[in-house]
Amino acid sequence: QKEVEQNSGPLSVPEGAIASLNCTYSDRGSQSFFWYRQYSGKSPELIMSIYSNGDKEDGRFTAQLNKASQYVSLLIRDSQPSDSATYLCAVNLSGYSTLTFGKGTMLLVSP
Amino acid sequence: GAVVSQHPSWVICKSGTSVKIECRSLDFQATTMFWYRQFPKQSLMLMATSNEGSKATYEQGVEKDKFLINHASLTLSTLTVTSAHPEDSSFYICSAQTASSYNEQFFGPGTRLTVL
């Protein structure tokens, strides 16, 4: 069974700090990896996608992928209170169109 | 780019009535659309996968006769909740997938359904 695991949190960080969100997945055939941000009462918003090993940076966000360890992470630099949300890790298995989502990690950034 | 709209954003209906929710990809063609349901403080639950011009594929436990899905074009999919009951009250979210090989999904804003 394909699984995506995330710590449910909440992860609390002070404003300006680096928030580190982690995700592990069970299927070695996974090819595409995504991070979504979901504010309370809203739908998920795609913030990062990564497909190959290494780091991918976009503004304050960096996604890191290690396929050998089946691990993907999201770093948020200079965290802001507006970053407070639930972050969903999603994984796509090659040959399938569906995404497998983790349960999400709640991030709380305190002013 | 990659904007997905949903209509209505919220709906209140009486028990036993049917409700139709529309999902549109505004600036791209979506060969595949997905319908999710999310109860308060719970995870996203995939209900069905919808491909243009073909029957939807429903996840285990989702009643296909209760949740009717139509994907008539590359930019429009509809979900009809038939004979709605209070336990169907939830947040319904669609997503649309681009034609790229990476299978990115972009979500609509969601429809909050309340059945009285």
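All of the numbers you see were taken from the coordinates with simple rules; none came from a lab. Quick caveat, the model's predicted, so the values are computed rather than measured. Every residue, glycine as well, gets a Cβ built from its backbone with ideal geometry; the counts of neighbours run over all protein chains shown.
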Computed for chain B: size of charge dipole around the Cα centre, +1 on C-beta of each Lys and Arg, -1 on C-beta of each Asp and Glu, debye to nearest 20, value 240 debye
Isolated Cys residues of chain B, judged by Cβ distance under 4.7 Å to other cysteines: B:13
The summed charge of the residue A:111 Cβ neighbourhood (under 15 Å; Lys/Arg +1, Asp/Glu -1) stands at -3
Hey, if you put +1 on the Cβ of every Lys and Arg and -1 on every Asp and Glu Cβ in the protein assembly as shown, which of A:98, B:15, A:80 ends up farthest toward the positive end of that dipole? B:15
Looking at segment B:1-68, which GluC sites (Glu not before Pro) are in a loop (DSSP not H, G, I, E or B) and have at most 12 other Cβ atoms within 10 Å? B:63
With a point put 7 Å past each Cα toward its Cβ, work out how far residue B:80 is from residue A:68 in nm, to one decimal. 5.5 nm
Could you go through segment A:73-89 in sequence order and give the Karplus-derived ³J(HN,Hα) for each residue, using 6.51 cos²θ - 1.76 cosθ + 1.60 with θ = phi - 60°, rounded to whole Hz, and x for Gly and Pro? 9, 10, 10, 10, 8, 6, 4, 10, x, 5, 7, 4, 5, 9, 10, 9, 8
Provide the convex hull volume over Cα atoms per residue for the protein assembly as shown, in Å³. 121 Å³
For chain B, I need the span (max minus min coordinate) of the C-alpha atoms along each principal axis, in Å, sorted largest to smallest. 41, 25, 23
Chain B: relative contact order as a whole-number percent, Cα under 8 Å and 6+ apart: 37 percent
Based on the alpha-carbon gyration tensor of chain A, what equivalent-ellipsoid semi-axes (square roots of 5 times the eigenvalues) come out, in whole Å, largest first? 23, 15, 12
Taking a threshold of 32 Å on the Cα-Cα distance, which of the pairs B:14/B:64; A:2/A:42; A:67/B:20 fall above it? A:67/B:20
Give me the Kirkwood hydrodynamic radius of segment A:56-96, using the inverse of the mean 1/r over all pairs of distinct Cα atoms, in Å to one decimal. 12.1 Å
Dipole moment magnitude, nearest 20 debye, chain A about Cα centre, only Lys, Arg, Asp, Glu C-beta charged: 200 debye
